[in-house]
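Written out below as structure tokens is the structure these notes cover.
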Amino acid sequence: MIELTRQDLSDILYGCTILGTGGGGSLENGLSRIDLALEKGKRFRLVDFSEVPDEAWIAVPYMCGAISPSTPEVEAVYAHLPRIAKPMPYLAYKALEAYIGTEFYGVMSTELGGGNTAEALYVGAWLDKYIIDADPAGRSVPEIQHSTFFINDLPVYPLACANQFGDVAILTQVVDDLRAEALVRAMAVASHNRIGVADHPAQAKTLRSAVIHGAIRYAWKLGTAWREARQRQEAAAPLIAGLGGGRVLFRGQVDRHAYQTLEGFTVGDIHLRGQGQDLGRSYHIWYKNENMVAWKDQAVDVSVPDLIIVFDDRANAPVINPYYEAGMQVTVIGLPCAAEWRTPRGIHEFGPRHFGFDFDYKPLE
């Protein structure tokens, strides 16, 4: 067991933001959650799965919804409703624990992202639970079924949902994770495009073989390397590419960018024009919350389940969708996904064809 310091937690969340591939929630909000818990004297205790008793119950708290910024028109729709102070994943986790009728041992992050990983860390610390060093994605993902739970046929239910207005629902059973995605997404759309969820309640002996072990420590390693590179005033993007076993994909500047909120997702396109050794070339990234597919000169370059990460060269930091500006100088890197995603089932559920593209996945390397 490791008790994490503020610096540890910051490094973890910056690493998660890198692995978030443009999604995974707001890093700023995530750090605020962490600071709130630390101010109240809460402890963040990270445990390896090998330390967790077989009979211990674990659940996965997170946020689901679009990552688009709000507008005055959207705010007006919800202006008459009350607001709950406590975080939505916290409310969902408590509701699920009450429904199961047993005290949970710990929390697991649903994905690696600056916002969503922080939600799990916060719930764990606030409720004095352990934080499990594992997750079911090894990166950020847009849909509930994009998890190693699903490709290992573990049930997502019962699951709890809670929004910021005080509505709480327990889904005692769903057909499968795809149906859970549809139902939870519909509730998110009716809840300001954001809803807290807690799902996959199970004992450690059930979850142990169906997750990616060491996921939090991997993010920690990348986040620490990113911080140290910035301290040396060294470009972080190529360093992270090498450390993660990936490569630099493209260097250039943002030519144009457009996005919209569709059915609870932020969907957009980033068009880049090359600079340096990529001068005269073009790059196009399509995202659905997270960066999904990239084309170089109209030819497919990289796709999910591998990771496509964009760094703002001036800030020397990863860019979170949809916050791009024309002329922004960027470096795009690719990292290989976790081995679990390269199985036939993993590629079927989280490869380019899942998103409607008519081409097969080819590994980044």
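The values are calculated or read from the model by the stated rules, or taken from the named source; none is laboratory data. Being a predicted model, the structure only gives us computed values, none of them experimental. When we count neighbours, we look across all protein chains shown, and the Cβ atoms used for this are built from the backbone with ideal geometry, even at glycine.
State all residues of the stretch 15-62 that are of a type in the set (Ser, Thr, Tyr) and not in a helix (DSSP H, G or I); if no residue qualifies, say none. Talk me through it step by step, then tell me what you get.
Taking the stretch 15-62 as the starting set, the residues that turn out to be of a type in the set (Ser, Thr, Tyr) are 17, 21, 26, 32, 50, 62.
Scanning the stretch 15-62 gives 21, 26, 62.
Among the residues of the stretch 201-258, which ones are basic (Lys, Arg) and in contact with a helix residue (DSSP H, G or I) (Cβ under 9 Å, 6 or more places away or on another chain)?
Listed by number, the residues that qualify are 208, 217, 221, 227, 230, 247, 251.
Would you point out which residue out of 314, 273 is more than 25 Å from residue 29 (Cβ to Cβ), surrounded by fewer than 18 Cβ atoms within 10 Å (Cβ to Cβ), outside the structural domain of residue 20 (by TED's automatic domain parsing) and among the basic types (Lys, Arg)?
Numbers: 314 fails: more than 25 Å from residue 29 (Cβ to Cβ).
Criteria check complete, one pass: 273.
Looking at the stretch 65-117, which of its residues are touching a strand residue (DSSP E or B) at 6+ places or on another chain (Cβ under 7 Å), more than 22 Å from residue 47 (Cβ to Cβ) and surrounded by fewer than 17 Cβ atoms within 10 Å (Cβ to Cβ)?
Hit for the stretch 65-117 is 99, nothing else.
Which condition breaks for residue 104 when tested against (1) closer than 22 Å to residue 187 by Cα; (2) out of contact with any Gly (no Cβ under 7 Å at 6 or more places or on another chain)?
Failing condition for residue 104: (1).
Applying the selection to the stretch 11-32, what residues are under 16 Å from the mean Cα position of the chain (by Cα) and surrounded by fewer than 24 Cβ atoms within 10 Å (Cβ to Cβ)? Working first, answer last.
Let us first name the residues in the stretch 11-32 that are under 16 Å from the mean Cα position of the chain (by Cα), namely 11-31.
Of everything in the stretch 11-32, those that are under 16 Å from the mean Cα position of the chain (by Cα) and surrounded by fewer than 24 Cβ atoms within 10 Å (Cβ to Cβ) turn out to be 11, 26, 27, 28, 29, 31.
Checking the structure you have, find out if any residue of the stretch 72-85 is of a type in the set (A, V, I, L, M, F, W, C) and closer than 20 Å to residue 113 by Cβ.
Checked against the condition, which is being of a type in the set (A, V, I, L, M, F, W, C) and closer than 20 Å to residue 113 by Cβ, the stretch 72-85 yields no hits at all.
Taking the stretch 271-304, which residues are touching a residue at least 60 places away in the same chain (Cβ under 8 Å) and within 17 Å of the chain's Cα centre (by Cα)?
287, 288, 289, 290, 291, 292, 293
For residues in the stretch 326-356 being assigned to a loop (DSSP other than H, G, I, E, B) and in contact with a Gly (Cβ under 9 Å, 6 or more places away or on another chain), which is farthest from residue 22 (Cα to Cα)? Spell out the reasoning first.
Here is the first cut: in the stretch 326-356, the residues assigned to a loop (DSSP other than H, G, I, E, B) are 326-328, 336-338, 343, 351, 356.
From what's left, in contact with a Gly (Cβ under 9 Å, 6 or more places away or on another chain): 336-338.
On the way: 336: 16, 337: 15, 338: 18 Å.
Only one residue fits best here, namely 338.
Hey, which of the strands (runs of 3 or more DSSP E) in the stretch 118-189, taking only ones fully inside, have at least 2 residues that are crowded, with 24+ Cβ neighbours inside 10 Å and either within 20 Å of the chain's Cα centre (by Cα) or among the small types (Gly, Ala, Ser) (or both)? If you could, list the steps in order and put the result at the bottom.
Details: elements: 130-132, 159-162, 168-171.
So the answer is 130-132, 159-162.
Restricting the search to the stretch 239-261, which residues are of a type in the set (A, V, I, L, M) and over 29 Å from residue 224 (Cβ atoms)?
258
Please state which one of 256, 251 is among the basic types (Lys, Arg), in a strand (DSSP E or B) and crowded, with 20+ Cβ neighbours inside 10 Å.
251
Could you run through the stretch 63-91 and say how many residues are assigned to a helix (DSSP H, G or I), closer than 24 Å to residue 104 by Cβ and of a type in the set (A, V, I, L, M, F, W, C)?
Qualifying residue count for the region: 2.
Checking the condition part of a loop (DSSP other than H, G, I, E, B) and at pLDDT 95 or above, which residue from 228, 234 passes?
Every option except 234 fails the conditions.
Can you pull out the residues in the stretch 253-278 that are more than 17 Å from residue 22 (Cα to Cα) and in contact with a Lys or Arg (Cβ under 6 Å, 6 or more places away or on another chain)?
255, 274, 275, 276, 278 - these are the residues of the stretch 253-278 that are more than 17 Å from residue 22 (Cα to Cα) and in contact with a Lys or Arg (Cβ under 6 Å, 6 or more places away or on another chain).
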